[in-house]
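First comes the structure, then the notes that go with it.
All of the numbers you see were taken from the coordinates with simple rules; none came from a lab. Quick caveat, the model's predicted, so the values are computed rather than measured. Here the Cβ is made from the backbone with ideal geometry for all residues, glycine too, and neighbour counts use every protein chain on show.
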Amino acid sequence: MRLFGLLVAIMLIEIALFVTVGGRIGLLASLAVIFGTALLGGAVIRTSGERTAAQFRATMAGIGEPRGGAIGDQALLILAGGLLILPGFLGDTIGLLLLIPPVRRLITDAIARRVQVTERFGVRQGPDVVIDGEFIELDPNDGSESPRGNDSRPSGWTRH
């Protein structure tokens, strides 16, 4: 319910800003700002998305190392692009602020202080990790199941 209230408050602020800024600079100038920031947001998302996808592919291939700061920076750039695409002066202002590298660094540092990533991709490794599973032991001579198995019927994909 709080999220709904927050969204309603943001919409009311955006409407008030449209009326106030539109009254000061005029309709055509307001529309030019809205369309201009939407184009800028599209360009930011396109370049940031390509860069993020390339970095993610390199990390998954083992070429690059995951860096929380760089990933967070790219995520904030994509958020900035999304805010710039949406019509509204408040979202545009926040999106433009997120395009400034020191502002993004402050935000990623603040988030990094609150979030602790323990291992690669957030997966904790060590002796205290338990993986639960079931198995069926096959007789190596003829491929049949031994009596120690949990299920009497073959799974179908364990024999080739």
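Kindly list the residues of the stretch 76-97 that lie in the label zone of Thr47, defined by a backbone N under 13 Å from the point 7 Å along the Cα-to-C-beta vector.
So the set is 77-78, 81.
What trypsin sites (Lys or Arg not before Pro) in the stretch 2-85 are in a loop by DSSP, with at most 12 other Cβ atoms within 10 Å of the Cβ?
Here the trypsin sites (Lys or Arg not before Pro) that fit, given the DSSP loop and packing criteria, are Arg67.
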